[in-house]
1. Rounded to the nearest 10 Å², what accessible area does Lys55 have for a 1.4 Å probe in the complete protein model?
2. Can you sort Ile7, Ile2 by 1.4 Å-probe accessible area, starting with the largest?
3. With every protein chain in place, what's the accessible area of Lys51 (1.4 Å probe, Å², nearest 10)?
4. Within straight cross-link reach of Lys5, meaning Cα distance under 17 Å, which lysines are found once same-chain residues fewer than 8 apart are removed?
5. Quick one: which of 39-49, 13-23 comes out on top by average Cβ neighbours within 10 Å, and what's the full order, highest first?
6. Amide H of Phe15 versus every other amide H placed in the peptide plane: which residues, excluding those fewer than 5 positions away on the same chain, fall under 5 Å?
7. May I ask for the net charge around Thr57, where only other residues with Cβ less than 14 Å from the Cβ of Thr57 are counted and Lys, Arg are +1 while Asp, Glu are -1?
8. Give me the percent of the accessible area of the stretch 10-98 that comes from carbon and sulfur atoms, probe 1.4 Å, all protein chains in place.
Amino acid sequence: MIELKNIFFVNPDRFVTRQMGNEMVLVPLANNVADMTSVLTLNEVGGDILKVLEKPTTGNDVVEQLFLRYDVNKKVLEEDVKAFLAEALEKNVIQQIG
């Protein structure tokens, strides 16, 4: 279970990111070579989450920064951030401390 008090950060050794309009494209690296068969595409909100996580940040801080940017119910935002963090951890896009 994801705890928003924990610290998360992007795993820079595993992915190369590129901004393409409102979407962010993540290309996995295998032995320092791009694996084009496993490319991930994030919408604007997902891209914003990863931008926040470029430096180690708590899940609560991610929620606060997104809450200032988007007109959304805070409880819904918390659940969406938890779901994003869980999937990003599963795919090794991010790492967790704590």
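1. Only protein atoms counted, so the area is about 150 Å².
2. Ile7, Ile2
3. Accessible surface of Lys51 is approximately 90 Å².
4. Reachable lysines: Lys55, Lys74, Lys75, Lys82.
5. Per-residue Cβ counts within 10 Å, averaged per peptide and sorted highest first, yield 39-49, 13-23.
6. Amide H neighbours of Phe15, under 5 Å, 5+ apart: Leu29.
7. Values: positive: Lys5, Lys51, Lys55; negative: Glu3, Asp48, Glu54, Asp61, Glu64.
Surrounding charge for Thr57 is -2.
8. 49
The values are calculated or read from the model by the stated rules, or taken from the named source; none is laboratory data. Since we're looking at a predicted model, the values are computed, not measured. Please note: Cβ atoms are built from the backbone with ideal geometry, for glycine as well, and neighbour counts cover all protein chains shown. These accessible areas exclude ligands, DNA and RNA; they are computed on the full protein's heavy atoms, side chains included. Shrake-Rupley method; radii C 1.70, N 1.55, O 1.52, S 1.80 Å.
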